[in-house]
Amino acid sequence: MRLSAAGAVMDTIEIDPAGEREALVAPALVTLGPADAAVNGSGGPRALRATQRSDTTPTEPWTPGREFVGRVAEPPADRPDLAGARVVADPDRVCGACDRCRSGLSAHCTERATMGAPRADGALRERLALPATGLVPVPDELRDDDAALALPVARALHAAWVVHLEGRPYVTVLGAGAEAVIAAQVMARLNASVRIVTEHDATLAAADRLRVRHRRLERVGRRGDQDVIVCVDSGAESLAVACAMVRPRGKIVTLAPASGPVALAPIVEHEITIVGCRGVRLREAVGALARGEIACDGLITHRFPFHRADAAVRAAADPGTLRVAVEM
């Protein structure tokens, strides 16, 4: 499946040859969210057209898909233990040689490429070559539906670690989609008072079904009393709402890049700390899912076979979806 500014289309391309330390992986189930959507979300054609620059805008189609579970078809010579293993993967490809990689900041590698984004093809294809170091084996007891959602769990776990969530009395997850429902569950493991605030009906329904505390955005005051706001939506408007809800010297953790100008006045006036978060704790996420600590039942709202992957990408933009699954 190929994505470009013109839309999503099915196509035939050559399989990437595996490098010396790479494994050839066959995806079994790929899940798609708004960031993968053809007409909405970061990286989609609308975003490409809105931010078109001759020096940065990709001109070639790419393959989306960052969240998946698959089987190792061909392991590298030094990792025979991976042969036939069911795995999930860190979406970042890093060089391992730059100053940041050598200092333990490989998530911020200067040569980093993120799978499923322009210039780095993702999982919506029959085979893909991935660094063996980024693969995490999946236990037999973990369903494909749950394993494929390990990445948003891993992001939420990293966010909780970055902000040192333990002991914070009031925590709000602001935003919609599977990311919000998963993040609230992760945060609730460390703090009893966590809620989702959103205007997204499908997210509210999922939170209710999974017994996650939630409130509709229009019914929530802007009293400036929350210790931590976790923003899972991109956009300056979401950040502005977070600034109105967080207490002075509180923290806002954003898991998505802000689009549009950000008002700095309330941040300065109330000494608010803004924490960007893009790292993942994938091995911890797989363990938490396998132990049943995070519930993902019902977060996949639509399913498509691989030959209809173009329709699946378009469906991911629908406000009524949480995650779209493509069965390979």
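Derivation of every value follows stated rules applied to the coordinates shown; laboratory data play no part. Quantities reported herein were computed from a predicted structural model and do not represent experimental measurements. Cβ coordinates were reconstructed from backbone atoms using ideal geometry, including for glycine residues, and neighbour counts include every protein chain displayed.
Summary of the geometry: segment 159-188 and segment 216-245, compared by the centres of their Cα atoms, lie 13 Å apart. Kirkwood analysis of segment 160-283, using all unique Cα-Cα pairs, places the hydrodynamic radius at 14.3 Å.
Restricting to the chain, what percent of DSSP beta bridges are antiparallel, rounded to 5? Don't skip to the answer; put the middle values down first.
On the way: 27 of 52 bridges.
If I count the DSSP bridges inside the chain, around 50 percent turn out antiparallel.
Only one residue of S106, A178, P76 has its Cα farthest out toward the positive end of the dipole of the chain, where Lys and Arg carry +1 and Asp and Glu -1 on Cβ, and that residue is A178. The relative contact order of the chain, computed from alpha carbon pairs under 8 Å that lie at least 6 residues apart in sequence, is 20 percent. Taking only Cα atoms, what is the 0 to 90° angle, nearest 10, from helix 178-188's long axis to the longest principal axis of the chain? Long axis of 178-188 versus the principal axis of the chain: about 60 degrees.
Placing +1 on each Lys and Arg Cβ and -1 on each Asp and Glu Cβ, with no other charges, gives segment 152-276 a dipole about its Cα centre of roughly 400 debye.
Seen against the Cα atoms of the chain and their longest principal axis, helix 236-245 is set at about 40 degrees.
Could you please report the charge total around L142, scoring K, R as +1 and D, E as -1 over all other residues with beta-carbon less than 11 angstrom from its beta-carbon?
With Lys, Arg at +1 and Asp, Glu at -1, the neighbours total -2.
Each Lys and Arg adds +1 at its Cβ and each Asp and Glu adds -1 at its Cβ; summed about the Cα centre, segment 219-328 shows a dipole of about 120 debye.
Helix 150-163 versus the longest principal axis of the chain: what is the Cα-based angle in degrees, 0 to 90, to the nearest 10? Once rounded, one gets 40 degrees.
Build a GNM of the chain with springs between Cα atoms under 10 Å apart, and of A132, A180, A83 the one that fluctuates most is A83.
Selection among L24, A244, L204 by position relative to the dipole of the chain gives A244 as farthest towards the positive end (Cβ unit charges, Cα centre). Residue ranges 148-155, 198-205, 8-15, 122-129 sort as 148-155, 122-129, 198-205, 8-15 when ordered by packing (mean number of other C-beta atoms within 10 Å per residue, highest first). Entry for the chain at q = 0.14 Å⁻¹: log10 I(q)/I(0) = -1.15, Debye formula applied to identical alpha-carbon scatterers, no solvent contribution.
Using the average count of surrounding beta-carbon atoms within 10 Å as a protection proxy, the listed peptides 291-303, 85-97 rank, highest first, as 85-97, 291-303.
About the centre of its Cα atoms, segment 97-172 shows a dipole size close to 420 debye [charges on the beta carbon of Lys, Arg (+1) and Asp, Glu (-1) only; nearest 20 debye]. What value, in deg cm²/dmol to 500, does the helix sum -39500 (n - 2.57) over DSSP H runs of n ≥ 4 give at 222 nm once divided by the residues of the chain? -6500 deg cm²/dmol, from helical runs alone. Working ranking of peptides 62-73, 239-250 by packing, defined as the average number of other Cβ atoms within 10 Å per residue, highest first, is 62-73, 239-250. Farthest toward the positive end of the dipole of the chain, out of T273, P152, H307, is the Cα of T273, where the dipole comes from beta carbon charges about the Cα centre.
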